[in-house]
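The block underneath contains the structure these notes are about, expressed in structure tokens.
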Amino acid sequence: MSTTTSVLFVVTAAEHWTLADGTRHRCGYWPEELAVPHRTFHEAGFRTAVATPGGVPPTPDPAGLIEPWSSYLDGLADELASPLTLEEIAPEAFDCAFVPGGHGPMEDLAHSAAFGTLARGMFEAGRPLAAVCHGPAALLPARADDGRWLFEGFAVTAFSNVEEAEFGLAQSAPWLTEDRLKENGASFSLADKPWDEHIVVDRAVYTGQNPASAGPLARRLVEDMTARGH
């Protein structure tokens, strides 16, 4: 492997989130949560790649396509048009995995056995797993041999029930990220105020609460991986 630190962005391939009544909410990944960490890692000299379920080009949530994120993503058009196939990624291929949020991960990554297997392999090798906003839902399929959630008892954060309510989807959601992480045994914490930045690091698991947390989360990863030589 190259000595350059490598980060795999694991991005939802979903274009919608199926709500409790069966209707589809148009979404995808949240642009800021991909653009800001991507820029942070590149400024640090890290190598990045994008993978999605099935290798499907990811869809940005149109609600988040504002400047400067939309222009930055335009510069990644080629990379986003031909992502790696998540199901083909080996745990040793990258030094870190980063999952941006948006409601899309609730539709596919939260149920992805392939990502669950990848996450377990990377975690057991001591490679950081990072996720922001709804991205921590992607950690749910990671299971120990006895079927328990691999991260039971870990301190994490994610998009809160209050923030989901203020966004306007809590009442129509089939399930909420905060609730599901708690149900699986997470030690969950939040910022003092909704939408404020908040990151949590527990062993090799790095989580951020909301869009404002994407930059601080990426910077903490850069700091920690640089300090340990990866």
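Can you give the net charge of the other residues whose Cβ lies under 11 Å from the Cβ of Q171, counting K and R as +1 and D and E as -1? Write out the running numbers ahead of the final one.
Values: positive: none; negative: D21, E164.
Net charge around Q171: -2.
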Next item on the list: With springs connecting C-alpha atoms under 10 Å apart, model the chain as a Gaussian network and identify which of T12, T48, T157 has the largest mean-square fluctuation.
Entry: T48
Notebook entry, point to check: Ordered by residue, what ³J(HN,Hα) values in Hz, to whole numbers, does segment 52-69 give under the Karplus form 6.51 cos²θ - 1.76 cosθ + 1.60, where θ = phi - 60° and Gly and Pro are x?
Noted result: 9, x, x, x, 7, x, x, 10, x, 5, x, 5, x, 7, 10, 6, x, 5
Notebook entry, point to check: Quick one: ranking V56, V205 by accessible area, 1.4 Å probe, largest first, what do you get?
Noted result: V56, V205
Notebook entry, point to check: Of F167, F188, F151, which has the largest mean-square fluctuation in a 10 Å C-alpha GNM of the chain?
Noted result: F167
Note to self: Spelling out what I want: for every residue of segment 91-101, take phi, set θ = phi - 60°, compute 6.51 cos²θ - 1.76 cosθ + 1.60 (Karplus), and round to whole Hz; glycine and proline get x.
What the structure shows: x, 7, 6, 9, 7, 7, 10, 10, 10, x, x
Checklist line | Dipole-positive endmost among G229, F151, L181 within segment 106-230 (Cβ charges, Cα centre) | finding: G229
Next item on the list: Starting from the Cα of V56, move 7 Å in the Cα-to-Cβ direction to define the label point; list residues of segment 126-164 whose amide nitrogen is under 13 Å from there.
Entry: none
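How large is the helix-only mean residue ellipticity at 222 nm for the chain, computed as the sum of -39500 (n - 2.57) over DSSP H runs with n ≥ 4, divided by its residue count, in deg cm²/dmol to the nearest 500? Could the numbers behind the result be given before it?
On the way: 8 runs with 68 residues, N = 230.
It comes out at -8000 deg cm²/dmol, rounded to the nearest 500.
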Check: Can you give the extra length, in nm with one decimal, that the chain gains between H16 and L65 once fully stretched, where that is 0.36 nm per residue apart less the Cα-Cα distance?
Finding: 16.1 nm
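About the Cα centre of the chain, what is the dipole size in debye to 20, counting +1 per Lys and Arg Cβ and -1 per Asp and Glu Cβ, all else neutral?
Working: 15 positive and 32 negative charges, 80 e Å.
Magnitude of the dipole: close to 380 debye.
The values are calculated or read from the model by the stated rules, or taken from the named source; none is laboratory data. Since the model is a prediction, treat every value here as computed from it, not as a measurement. Please note: Cβ atoms are built from the backbone with ideal geometry, for glycine as well, and neighbour counts cover all protein chains shown. Quick note on the areas: whole protein, heavy atoms, side chains included, nothing else; ligands and nucleic acids left out. Shrake-Rupley method; radii C 1.70, N 1.55, O 1.52, S 1.80 Å.
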